[in-house]
Amino acid sequence: MGSRLKLFLPLFLFAVLALLLFRGLSLDPMEMPSALIDRPLPAFSLPELASGELLDAAAVAGEVSLLNVWATWCVSCRVEHPYLVSLADSGVRILGLNYKDEDAAALRWLQDLGNPYQFNIADRQGTLALDLGVYGAPETYLLDAEGVVRYRHVGVVDERVWQTVLEPLYSELRAAVAAESP
Amino acid sequence: MRISLGGVLALLITLWSLQALAVIETYEFSDPALEERYHSLSEELRCPKCQNQNIADSNAPISRDLRRLLYEQLESGASDGEILEHMVARYGEFVRYRPRFAGATVILWLTPFILLLAGAAIVALTLRSKGSRGGEHPLSDAERARVDNLLANREGSD
Amino acid sequence: MIPELGHFALIIALGLTILLSIIPMWGAWRRNVTAMALAPGLALGILCFVSIAYVCLTWAFVNDDFSVKVVAANSNSLLPLMYKFSALWGNHEGSLLLWALILALWTAAVATFSRGLPLLMLARVLSVMGAVGVGFLSFSLLTSNPFARLLPGTPADGSDLNPLLQDPGLIIHPPLLYMGYVGFSVAFAFAIAALLGGRLDAAWARWSRPWTNIAWAFLTLGIMLGSWWAYYELGWGGWWFWDPVENASFMPWLAGTALVHSLAATEKRGLFKSWTVLLAIFAFSLSLLGTFLVRSGVLTSVHAFATDPARGLYILVFLALVVGGSLTLYALRAPAVSSRVHFEWVSRESLLLFNNVVFLVATLTVLFGTLFPLIMDALGQGKVSVGPPYFNAVFVPLMALLAPVMGFGPVSRWKRDKTARWFAELALPAAAALLCAITLPLLNAPYNVWVALAVMLAAWLVFGLARDVWQRVRSGSHLAAGLRRLTPSYLGMLLAHLGFAACIVGVVATSQYALEHDLKMQPGDAKVVAGYEFRFVELVPVRGPNFVADEARFEVYRDGALISRLAPQKRRYLASGQVMTEAAIDAGLFRDLFVAMGEPVGEQGAWAMRLHYKPMIRWMWLGAILMAVGAFTTVLDRRYRRQRQTATAEQPGLAHGV
């Protein structure tokens with residue numbers, strides 16, 4: 001009897017494999033969480049896009065915000081832009097990281113399409129982006145009031161993404177800040 | 001068919017990164033040993049957004065940036081371990097093609113050994129049961145009688 | 001009209017396949033000869049209709065019928081004709097149709113060439129293959145219809161075939177690979193039929209062997225072509241990346257190698273029956289798993305087709321039914337008690353057992369490594385990558401473990417042998433191998449320990465085999481009799497093992513001794529690599545049928561004499577705008593010279609160039625070809641042909657065999 005039982009081992013192993021593959025169908029192998037979750041924004045010293053004044057991590061902190069990585073050469077960024085404008089209008093603090101772009105073109109773009117960003121970090125060489133673990137545009141980071149990275153979304157931010165993924169966390173962080181303030 | 005934006009984006013990225021172009025940078029190394037380390041390390045690091053390519057073979061912009069970062073790190077005198085940690089700190093374990101021997105990935109490195117040991121055990125067990133100790137069973141009297149019977153009946157026919 | 005005809009033919013084929021999977025199997029259960037005898041006819045009918053469907057789709061491609069979706073997505077009016085033929089399988093839907101065609105071919109082949117097989121067995125075998133066909137044809141028709149139309153809104157021209165696929169490699173690699181993948185379904189069908197019939201004996205093994213060997217040979221060729229194609233097409237000189245899709249083809253090969261050897265033991269000695277059946281199921285399951293991995297999006301790969309989880313689910317259900325069903329049957333029907341055949345610790349059987357274990361460990365290791373990222377992700381442990389550094393680190397030692405033992409194989413005797421005899425017989429080859437190890441690598445200074453080890457193992461195999469051949473021929477009463485002792489079966493083994501030795505040398509030598517230089521060059525520059533002087537003569541614009549290119553003309557000199565002209569190109573394809581690099585290779589038996597263009601640098605026509613020196617790389621692929629030729633040779637053995645003569649003498653067996 002024991003030896004017959006042994007013969008069921010391959011079937012059992014296959015069942016485990018099949019379950020794993022089934023689970024795999026609902027996972028996305030290319031989805032990558034940021035390596036900086038729950039870590040502060042890396043130190044940097046880069047100029048602001050419009051004014052040229054030097055910014056550092058302290059300028060970013062202070063309020064729960066979105067850091068949006070964008071560029072004029074990025075087609076999807078153009079697609080997401082109107083929604084970001086509407087988000088900014090509704091009171092969300094959005095900061096921009098202009099990724100490996102040309103200042104003049106970027107400023108023109110903002111002029112033509114609207115500016116949802118409180119300010120823009122001009123990362124012409126992509127150094128801050130590299131430290132952040134950015135690998136393409138658009139990407140959007142959710143930062144808490146201390147400037148700690150809480151979440152990263154890769155790809156376009158639209159209504160669905162905001163409602164299902166970003167908004168809940170955003171509200172939670174805002175509530176935490178409100179609870180702390182006297 | 002509902003075409004989602006994410007799908008289009010994924011498709012664009014897929015098409016873009018499918019271009020496996022020969023990626024050839026002409027970095028000048030101050031030391032040939034550094035160039036060798038550059039080649040071997042660029043094969044250890046994965047391009048974060050490509051469809052399974054190392055940064056040596058991929059032409060994606062992020063790959064180019066990582067190769068430049070690798071070059072700068074090497075020239076600045078960092079060790080292999082430090083360079084890999086530097087990359088992992090930014091892009092996560094995903095970016096290493098050789099999983100580290102720690103935590104959950106230990107099982108990956110141990111599996112071949114475990115399998116070999118299991119295999120050796122199976123071989124030993126099998127040989128033991130089949131070997132001369134298992135022995136050949138001599139025919140019992142009843143079996144021998146049956147054999148004689150059969151042989152007698154078959155004689156003359158083929 | 002024609003695409004609709006093809007669609008209709010495919011539906012008929014599905015209907016016939018359903019009939020094939022049910023009627024003969026029922027006939028076998030009920031001992032109904034009429035039902036069973038329908039099987040070969042049904043198999044031929046299926047081949048007929050799938051062929052019609054295939055021809056119709058080919059017609060659509062060749063005639064630029066862009067109203068058919070796959071043609072619009074993968075072809076173009078400017079595409080050279082031979083690529084219009086092969087673009088059919090350069091996409092998911094078309095390649096599935098190719099799968100179905102090849103399955104129909106194998107099924108018809110089994111139906112035609114199995115006159116020595118009892119009808120009971122044949123009926124079951126064909127029914128199982130029919131069941132597999134049902135899965136693929138229904139998958140094709142229900143989720144991936146190759147004849148789907150783009151009406152209205154037919155584009156004026158197609159999107160063109162991916163430039164990487166516009167290459168002779170595409171014409172031969174997938175068909176050969178599929179011949180191998182699908183071919184293992186025959187061994188699988190035989191195993192299932194044997195389990196169903198409760199007859200797991202030497203006869204079953206003898207019937208299975210030629211089919212298994214042919215499938216293995218095709219798979220070897222398919223993998224080898226994939227490696228060679230990647231080498232010259234992708235422009236970076238690599239030839240194996242342990243990519244999930246590559247592993248998906250390598251795993252059936254590894255399991256198949258174990259199966260080929262295990263079948264030998266089962267046929268000759270009636271041993272390892274359970275093992276062999278399990279290996280047959282395992283090898284084909286890995287083929288199906290490969291199909292799943294490539295088309296479901298579960299793992300990331302450059303080779304994957306456009307992925308769709310819905311399709312993945314369909315394949316997974318099919319996989320679960322086929323593999324789960326067969327493993328259940330195995331658990332219930334395989335011999336629980338091992339055969340009472342005995343053999344000593346020192347014998348050919350134990351060497352074959354060792355071989356089984358090593359190849360199984362290798363297969364499972366590659367499987368685990370390939371699935372590991374998915375496992376970690378599913379368990380919430382984050383995203384990890386498992387790539388060449390890992391696979392090379394674990395796979396090479398396993399092969400190094402195998403090679404020395406392989407040398408004893410041909411010399412060993414069945415059932416009982418003595419190690420003293422082995423050492424006595426192989427002392428000379430061993431000494432010669434050691435000598436080679438010390439002297440040969442010196443030909444390419446500096447001395448490399450790994451290459452020495454590889455040379456020693458390969459020489460050990462080669463000299464051992466040579467000695468064995470000598471013994472065999474000598475033992476005949478005269479030369480002709482001696483040569484006759486080299487049966488096709490033996491010759492096949494000889495060639496295959498020689499091929500393996502060549503592979504070892506090729507792989508290790510090229511990994512260790514290859515030289516690579518990336519540098520900026522402009523016309524007039526020269527660079528010396530491994531004694532070869534690469535002179536960049538001029539940069540010339542050229543025009544191809546569907547692309548424009550910059551061509552860099554090189555001359556290669558050795559010791560002052562011109563030995564080769566190389567002309568790599570940087571192409572831009574007109575339809576898609578895609579840019580691609582076309583490397584130039586001077587192929588040689590003992591070395592390859594490889595030049596590829598990168599990007600233009602600066603103003604004066606300077607370009608980044610990659611110059612490669614790749615010693616012994618052809619040995620790897622030639623070794624693979626040798627292995628395949630060896631496997632094909634074994635099928636010519638007389639004992640398989642003898643079947644047909646005895647079959648005409650005796651009645652198709654119904655009475656014997658349960």
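Values in this text are rule-based calculations from the coordinates and carry no lab data. Worth saying up front: this structure is predicted, and the values here are computed from it rather than measured. FYI the Cβ positions are ideal-geometry reconstructions off the backbone, even for glycines, and counts take in every protein chain you see.
As an equivalent ellipsoid, the protein assembly as shown spans semi-axes of 54, 34, 30 angstrom, where each value is the square root of five times an eigenvalue of the C-alpha gyration tensor, largest first. Extents of the range C:515-618, largest first, come to 42, 31, 21 Å (Cα atoms, principal axes, whole angstrom). Per-residue shielding of C:411-421, expressed as the average number of other chain Cβ atoms within 10 Å of the residue Cβ, stands at 0. Available extension along the chain between A:SER3 and A:ALA145 is 44.8 nm, counting 0.36 nm per residue and deducting the alpha carbon span.
The range C:72-92 and the range A:77-152 have their alpha-carbon centroids 42 Å apart. Computed over chain A, the per-residue total of -39500 (n - 2.57) for DSSP H runs of n ≥ 4 gives a 222 nm mean residue ellipticity of -11500 deg cm²/dmol, rounded to 500. Classified by the C-alpha gyration tensor, the range C:113-221 has an oblate form. Its axis ratio a/c, with a ≥ b ≥ c, is 1.5 or above, and a/b does not exceed b/c. If you wrap the range A:33-180 in the convex hull of its Cα atoms and look at it from every side, the mean projected area works out to 8.0 nm². For the range A:33-180, the antiparallel share of DSSP beta bridges with both residues in that region comes to about 55%.
To test your reading of the geometry: what angle, between 0 and 90 degrees and rounded to tens, separates the Cα axis of helix A:75-89 from the longest principal axis of chain A? Taking Cα atoms only, the helix is inclined about 70 degrees. Summing Lys and Arg as +1 and Asp and Glu as -1 over all other residues whose Cβ lies under 12 Å from the Cβ of C:ARG591 gives a net charge of +1. Semi-axis lengths, largest first, of the ellipsoid equivalent to the range C:167-417 are 31, 22, 18 Å, with √(5λ) applied to each eigenvalue of the Cα gyration tensor. Please give me the summed charge of the neighbours of B:LEU108: other residues whose Cβ is under 11 Å from its Cβ, Lys and Arg +1, Asp and Glu -1. Residues close to B:LEU108 contribute a combined charge of +2.
Other residues with beta-carbon under 13 Å from the beta-carbon of C:HIS517 carry, at +1 per Lys or Arg and -1 per Asp or Glu, a net charge of -4. Counting 0.36 nm for each residue step from C:LEU453 to C:ILE22 and taking away their Cα separation leaves a gain of 149.7 nm.
Summary: within chain C, the longest segment free of trypsin sites (Lys or Arg not before Pro) located in DSSP loops with at most 11 other C-beta atoms within 10 Å is C:341-658.
Contact order, relative form, for the range C:194-352: 25 percent (alpha carbon pairs under 8 Å, 6 or more residues apart, mean separation divided by residue count). Taking amide H atoms as placed 1.01 Å from N in the peptide plane, the amide H of C:LYS520 lies under 5 Å from those of C:MET609, each 5 or more residues away in sequence or on another chain.
Per residue of B:102-113, other chain Cβ atoms within 10 Å of the residue Cβ number 5 on average. Note on C:300-306: average number of Cβ atoms from other chains within 10 Å of each residue's Cβ is 5. Legend note: in the protein assembly as shown, cysteines whose Cβ sits 4.7 Å or more from every other cysteine Cβ are C:CYS48, C:CYS56, C:CYS436, C:CYS503. Calculated [222 nm] ellipticity per residue, helices only, for chain C: -22000 deg cm²/dmol; basis is -39500 (n - 2.57) per DSSP H run with n ≥ 4, divided by all residues, nearest 500. Considering Cα pairs under 8 angstrom that are at least six residues apart, work out the relative contact order of the range C:285-340 and quote it in whole percent. Relative contact order, the range C:285-340: 28 percent. Share of pairwise Cα-Cα distances greater than 31 Å in chain C is 58 percent (whole percent).
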